[in-house]
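Presented below is the structure to which this report refers.
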Amino acid sequence: MTQPRTLLALNWKMNKTPTEAREWARELASRYTRSAAELAVLAPAIDLPGLKELLPAGVDVGGQDVSAHAAGAYTGEISAAMLRDVHATYVIVGHSERREYHLETDAVVAAKARQAQAHGLTPIVCVGERLDVRERGEHVRFTLDQLRASTEGVQANLVVAYEPVWAIGTGRTATADDAEEMAAALRGALAGLYGPEAAALRVLYGGSVKPDNIAALCAQPNVNGALVGGASLQVDDVLALAHALS
Ligand code: PGA
């Protein structure tokens, strides 16, 4: 079975106005040469219109969240159809910041992933343990339970991102061995859920990924790319990340 293509998913979080996003895309387009990894820019929804056209050919765009509902009286929400209309191909669901600050449950995350799929988007389903769970040695069981509950009714067209909460934005990265331990366990769970189709699914690592650690993380047999926050904001860093994967 050939390995799925490495995915470098850039999570801008709540950074960049539409003007700044367009400047970033123009700069990337002027400096980027196609990398071995697939690149996806996961931008605030308001940045997405027109962004795809400014980015280099082959670079995808996506959202950072999506409503669990198709349409209607849900003030402030963005639907999967709206994201599709502005050329999104991916959307993050269940990022730990959404789970923590917006109290999103696994059931809500699964409903969002189903909505995304119903409109042709590939959900990037985030899972990962807090530090106390890891210190108790329960990180694998916790994260696999989270995966199963967050993919209830979800088809075999998804990306899974393992993001240990203690590594996000902290400068503290999981070791390559930690990432591989969990990625292998997640792949096993995906095989249980989806059978042979699971071999083609990508499992990403996220949490303080930088140009100097991405190669070791993505060299692990079950790690098929990275979800990058802080190091996604500067074009220099993104070029260095892509270069490290070439
Ligand atoms: P970080 O964020 O790279 O800044 O740790 C990763 C993420 O939250 O997706």
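The values are calculated or read from the model by the stated rules, or taken from the named source; none is laboratory data. Quantities reported herein were computed from a predicted structural model and do not represent experimental measurements. Just so you know, the surface numbers come from the protein's heavy atoms only, side chains and all, with ligands and any DNA or RNA stripped out. Shrake-Rupley method; radii C 1.70, N 1.55, O 1.52, S 1.80 Å.
General remarks:
- Within the same chain, lysines fewer than 8 places from LYS52 are excluded, and of the rest, those with a Cα less than 16 Å from its Cα are LYS16.
- Rounded if a/c under 1.5, otherwise prolate or oblate - region 1-142, Cα gyration tensor axes: oblate
- The chain - mean residue ellipticity at 222 nm from DSSP helices (-39,500 (n - 2.57) per run, n ≥ 4, rounded to 500): -11000 deg cm²/dmol
- In Hz, Karplus ³J(HN,Hα) per residue of region 187-195 (6.51, -1.76, 1.60; θ = phi - 60°; x = Gly, Pro): 5, x, 5, 5, 5, x, 7, 10, x
- Part-to-part distance (alpha-carbon centres) for region 3-21 and region 224-243, which is given in Å: 8
- The alpha-carbon of LYS112 sits under 21 angstrom from the alpha-carbons of these lysines, leaving out residues fewer than 8 places away in its chain: LYS13.
- Amide H partners (placed H, <5 Å) of ARG202, local residues excluded: VAL160
- Computed extension length for THR33-GLU135: 32.5 nm, one decimal, from 0.36 nm per residue of separation with the Cα-Cα distance subtracted.
- Solvent-accessible area per residue, Å², over the chain with all protein chains present [probe radius 1.4 Å]: 44
- At q = 0.14 Å⁻¹, base-10 log of I(q)/I(0) for the chain (Debye sum, equal scatterers on each alpha carbon): -0.87
- 3J(HN,Hα) from dihedral phi, region 217-222, Karplus parametrisation 6.51/-1.76/1.60, rounded to Hz, x for glycine, proline: 5, 7, 7, 5, x, 9
- As a fraction of the 1.4 Å probe accessible area of the chain, surface on carbon and sulfur atoms comes out at 53 percent.
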